[in-house]
1. Toward the positive end of the charge dipole of the chain, about the Cα centre and with charges on Cβ (Lys, Arg +1; Asp, Glu -1), which of 242, 231, 164 goes farthest?
2. Under 23 Å between C-alpha atoms is the cut-off here; go through segment 105-287 and count lysine pairs that meet it, provided they're at least eight residues apart or on different chains.
3. I need the phi-derived Karplus couplings for segment 145-159: 6.51 cos²θ - 1.76 cosθ + 1.60, θ = phi - 60°, integer Hz, Gly and Pro marked x.
4. Using only the Cα atoms of segment 250-300, build the gyration tensor, take square roots of its eigenvalues as a ≥ b ≥ c, and label the shape rounded, prolate or oblate: rounded if a/c is under 1.5, else prolate if a/b is larger than b/c, else oblate.
5. Please get the size of the charge dipole for segment 105-287, origin at its Cα centre, with Cβ charges of +1 on Lys and Arg and -1 on Asp and Glu, quoted in debye to the nearest 20.
6. Mind jotting down a quarter of the surface of the convex hull over the alpha carbons of the chain, in square nanometres, one decimal?
7. Amide H neighbours of residue 97 under 5 Å, at least 5 residues apart or on other chains, H built in the peptide plane: list them.
8. Quick check: from the Cα gyration tensor, does segment 15-76 come out rounded (a/c under 1.5), prolate or oblate?
Amino acid sequence: MVQNNMINGVFLDAGTLGPDLDLSPMRKLPINWQFHDFTAPEQTVERCQSAQVVITNKVVLDAHTLSHLNNLKLICIAATGMNNVDLKAAEQQGIEVKNVVGYAGSSVAQLVFNVLLELTTHASQYNQLVSTGKWSESQSFCLFDYPMIELTGKTMGLIGYGNLAKSVEHLAKAFGMQVVIAEQKGAGTIRPGRAPFEQVLKEADAISIHCPLTDGTRDLFTASEFKQMKSSALIINTARGGIINELDLIDALNRREIAGAAVDVITTEPPDRDYPLIVNKPDNLIITPHIAWATLEARTRLLQLLVSNITQSLF
Ligand SMILES: NC(=O)C1=CN([C@@H]2O[C@H](COP(=O)(O)OP(=O)(O)OC[C@H]3O[C@@H](n4cnc5c(N)ncnc54)[C@H](O)[C@@H]3O)[C@@H](O)[C@H]2O)C=CC1
Ligand SMILES: O=C(O)C(=O)CO
């Protein structure tokens, strides 16, 4: 508990919640706020120096930064992923860290199926062919340029089985897919209802990644994992960049070791203009700019949960 008449709070990257989200529920809390749209790494310490509560969506709070923040009592992450905060260093300094859980299930599952359907049905690529006149030039009433694949009866492999994976499972079953849930790679025992990681690689027609980025999941998918997958398999990463090795993904897609991929998250966001995954983007890769969470409905829930996280900890 902090004496509430003295609380200084900083929101380091309020701009990341979008221009259309009304932040007044947070502004109304009895906290002496400083809201910044974005914060560069070199501005972080100075901006947080007198704060007892700091809110960050994607600004990095590493051990070095935290070591300068002696007043800090609470970090509220305006997201589910906590990989931008050094949790061990925070714990050692007695700083409580809270994230927002369970706000984005519908939204993320919708994006997963949007890209899965694009990779299997190619509606926007066919739409493009119509716009460029290929349909008008055709002798047949329909085109066959992109092979259409039915999802019913196919197997969806889930990596991580928390809130988001369960929402994806729900939609997968509605499409008539079988769902296999991967046990953590290297686990000695396989929990009921789970399958060994390597078995999921071999069996899945589509893999959807929903685990956090940690030391244990960094580079979980490299050349070796892609080689174990079916050549017809698809992989979708809406979790975090870094879980898939991006250079290995480019190779696997170019060599058609797997059939396609979609990533909503990459290792460096936003990317530089010469980011390898983008400049060398294979035609069987879809990249979206970290939008899976970004429906207004999900962001509205996120804000409510963020306010409730702060209130529960401080008041
Ligand atoms: N693209 C986007 O817009 C969004 C991305 N995310 C990302 O999705 C991740 C998952 O979110 P939720 O499902 O809500 O989290 P969650 O905490 O409910 O589920 C994560 C699951 O991953 C499992 N896990 C942890 N380490 C693992 C490992 N080594 N191997 C396999 N599974 C492991 C956990 O046991 C848990 O079941 C977040 O950590 C975040 O990075 C979250 C929201 C939006
Ligand atoms: O909630 C998350 O983890 C996201 O990636 C969206 O910011």
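1. Among 242, 231, 164, the one farthest towards the positive end of the dipole of the chain is 164.
2. Lysine pair count for segment 105-287: 17.
3. Going residue by residue, I get 5, 10, x, 8, 10, 7, 7, 4, x, 7, 10, 9, x, 10, 10 Hz, with x marking Gly and Pro.
4. Oblate.
5. In total the dipole reaches around 460 debye.
6. 18.8
7. 75
8. Oblate shape, in that a/c is at least 1.5 and b/c is the bigger or equal ratio.
Rule-based calculations on the coordinates, nothing more; no lab input. Quick caveat: nothing in here was measured; it's all calculated off a predicted structure. Positions of Cβ are backbone-derived with ideal geometry, glycine not excepted, and every protein chain shown enters the neighbour counts.
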